[in-house]
Structures are given as C-alpha cells and as structure tokens.
Amino acid sequence: MTTVILANGDFPSSERTAGILKQADRLICCDGAARRLLEEGIVPDLIVGDMDSLPPELQRRHASIIRKDSDQETNDLTKAFKAAVETLPDTIHILGATGRREDHTMANVSLLADYTEELSGSGCGIDMITENGTFRAFCAKDATFSCPKGVEISIFAFDNSLRINCEGLLYQTDSVTFDTLWKATLNRSTAEEFSLHLNHPAKVIVFICNAEA
C-alpha cells in the first residue's frame with residue numbers, strides 16, 4: 001500500500017507528481033493544502049492539522065475525514081506523518097513539502113531524516129518528491145540509491161565529524177567537512193546507482209534531480 005502526504009507547499013503540477021497524487025492508495029492532506037485539493041475534485045482519506053487554514057464551511061462539509069490536532073509543538077507535516085504510519089504502508093510519498101515559504105521548505109526537508117530514522121526496520125520506505133527531483137534520507141553507515149545516469153546529486157548532512165566515501169558519483173566526497181549545507185551539493189551520477197559509505201552512522205539526506213531538470 002502506498003500512502004501520499006500532501007503538504008501546503010507547491011501543489012503537484014507535473015505529470016509525475018500529479019500521477020503519484022492520484023494513484024495513492026491512501027491520501028492524507030495537511031489542512032493548509034486541503035482547499036486546493038478539494039478544488040481539484042480530489043477528496044482525501046484524511047485531513048490533518050489544527051484547522052486554522054481550512055474554512056469553517058469546508059470543515060463542516062468534510063467533518064468525517066478531519067482529524068484536528070492543536071499541538072503547537074509539531075507542524076502539520078509531522079501530524080500527517082504520524083497518521084500515515086498508523087496503517088504501516090509499504091511506501092510513503094510526501095508531496096507539496098517545498099515551495100512557497102523557504103523556511104517551511106528547509107524545515108520539512110530536515111524532518112525527512114527524522115521520519116526515515118523512525119521508520120528504520122519497519123519495512124516502510126519514505127521519500128519527498130518535488131517538481132525537480134526526489135529527497136531521500138538514511139540513518140546508517142552505508143546506502144545505495146538508484147538514479148538515472150548523468151543527473152545532479154546533492155548530499156546534505158549535519159555532522160562535521162562525518163566523512164563520506166562515494167561510488168558512482170563524478171566527484172569524490174571523502175575530503176568534505178559537513179559543517180555547512182552546500183559542501184556536497186551539485187555532484188553528478190556516473191552510473192544508474194550510487195553508494196555512500198560513512199565513517200559512522202549519521203542522518204544524511206540526498207537529492208536526486210529529475211533527468212529532465
């Protein structure tokens with residue numbers, strides 16, 4: 001089963017992202033994105049959030065699928081993620097997590113590492129798909145990712161003691177100190193997969209560009 005979480009960033013507009021949205025087995029929508037989704041004629045399985053962004057009329061009309069959560073210590077994306085894992089899907093795709101507000105974008109992308117760590121060992125995969133590519137994360141010493149040959153790859157980490165050796169990328173990363181976010185960006189794949197080998201387990205996020213981007 002595939003669950004899609006729709007956040008309140010850029011609404012899916014490409015053939016790829018719109019297709020993922022429409023083909024979801026279960027669709028969970030953050031309340032800020034619900035109005036646009038309903039305008040597109042798509043009714044989600046669940047609307048999650050504090051409901052401050054959803055007009056009262058729509059709240060009444062769709063009361064049966066609303067889960068109100070007023071907790072101000074977590075954002076709506078995390079509330080939707082918690083709802084998603086209740087059914088233990090095989091895959092969770094997050095759409096609409098980037099765009100509109102840059103601070104929300106950075107926060108949402110960083111949360112992907114936390115979600116990946118929480119799902120470790122569960123058999124459920126998670127990614128964050130944008131109009132330009134896909135964010136993936138891992139929390140181990142080694143990871144391998146499939147990708148089209150020749151696309152741009154960026155690596156983000158949050159630990160200046162971390163060292164990463166790579167295979168399948170144009171530029172080696174073993175001398176990179178991960179003390180700022182730009183340090184291992186804009187690499188390029190030289191094969192249809194690449195591998196990262198860390199000197200110790202850490203939270204790492206990678207961005208794989210679309211082939212046409």
- Message: Which count do you get for residues in region 147-158 that are at pLDDT 95 or above and either in a strand (DSSP E or B) or of a type in the set (Val, Ile, Thr) (or both)?
- Response: 6
- Scan Ala143, Ala84 and give me the residue that is of a type in the set (Gly, Ala, Ser) and not assigned by TED's automatic domain parsing to the domain that holds Asn165. Ala84
- Task: Could you give me the residue pairs with C-beta distances under 6 Å whose first residue belongs to region 174-192 and is touching a residue at least 24 places away in the same chain (Cβ under 8 Å), whose second residue is surrounded by 14 or more Cβ atoms within 10 Å (Cβ to Cβ) and of a type in the set (Val, Ile, Thr) wherever it lies, and which are 6+ apart or on separate chains?
- Result: Ala184/Ile155; Ala184/Thr173; Ala184/Val176; Asn187/Ile153; Ser189/Val151; Ser189/Ile153
- Per-region count, region 161-193, residues closer than 16 Å to Ile205 by Cβ, in a loop (DSSP other than H, G, I, E, B) and either hydroxyl-bearing (Ser, Thr, Tyr) or in the same structural domain as Met106 (by TED's automatic domain parsing) (or both): 2
- Task: Answer yes if at least one residue in region 107-127 is assigned by TED's automatic domain parsing to the domain that holds Phe11, assigned to a loop (DSSP other than H, G, I, E, B), hydroxyl-bearing (Ser, Thr, Tyr) and at pLDDT below 95, and no otherwise.
- Result: yes
- Query: Quick one: how many residues across region 1-44 are in contact with a Lys or Arg (Cβ under 8 Å, 6 or more places away or on another chain) and among the hydrophobic types (A, V, I, L, M, F, W, C)?
  - Reply: 5
- Query: Any idea which of (1) over 23 Å from Met128 (Cα atoms); (2) among the polar types (S, T, N, Q); (3) surrounded by 15 or more Cβ atoms within 10 Å (Cβ to Cβ) is the one Asn108 doesn't satisfy?
  - Reply: (1)
- Item | Sole exception among (1) under 21 Å from Gly133 (Cα atoms); (2) touching a residue at least 24 places away in the same chain (Cβ under 8 Å); (3) not polar (S, T, N, Q) for Gly19, by number | (2)
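Scanning region 14-58 for residues that are of a type in the set (S, T, N, Q) and modelled with pLDDT of 90 or more, which turns out farthest from Ala83 (Cα to Cα)?
Filtering region 14-58 down to residues of a type in the set (S, T, N, Q) leaves 14, 17, 23, 53.
Subsequent filtering for residues that are modelled with pLDDT of 90 or more retains 14, 17, 23.
Values: Ser14: 26, Thr17: 21, Gln23: 19 Å.
Within region 14-58, the match that is farthest from Ala83 (Cα to Cα) is Ser14.
Would it be correct to say that Met51 is on the phi > 0 side of the Ramachandran plot and either in a helix (DSSP H, G or I) or over 19 Å from the mean Cα position of the chain (by Cα) (or both)? Give the derivation first.
Numbers: on the phi > 0 side of the Ramachandran plot: yes; either in a helix (DSSP H, G or I) or over 19 Å from the mean Cα position of the chain (by Cα) (or both): yes.
Yes; evaluated as a whole, the condition is true for this residue.
Return the residues of region 75-89 that are polar (S, T, N, Q) and part of a helix (DSSP H, G or I); say none if nothing qualifies.
We begin by selecting, within region 75-89, every residue polar (S, T, N, Q); these are 75, 78, 87.
Residue satisfying the conditions is Thr78 alone.
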- Query: For region 144-158, how many residues meet the condition of being within 17 Å of the chain's Cα centre (by Cα), under 16 Å from Phe194 (Cα atoms) and surrounded by 15 or more Cβ atoms within 10 Å (Cβ to Cβ)?
  - Reply: 6
- Scope region 159-213; condition surrounded by fewer than 17 Cβ atoms within 10 Å (Cβ to Cβ), modelled with pLDDT of 95 or more and among the small types (Gly, Ala, Ser); matching residues: Ala191, Ser195
- Message: Quick check on region 1-19. Is at least one of its residues among the β-branched types (Val, Ile, Thr), part of a strand (DSSP E or B), out of contact with any Leu (no Cβ under 6 Å at 6 or more places or on another chain) and surrounded by fewer than 20 Cβ atoms within 10 Å (Cβ to Cβ)?
- Response: yes
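The values are calculated or read from the model by the stated rules, or taken from the named source; none is laboratory data. This structure is a prediction, so every number in the text was calculated from the model and none was measured. All Cβ positions, even for glycine, are placed from backbone atoms using ideal geometry, and neighbour counts span all protein chains on display.
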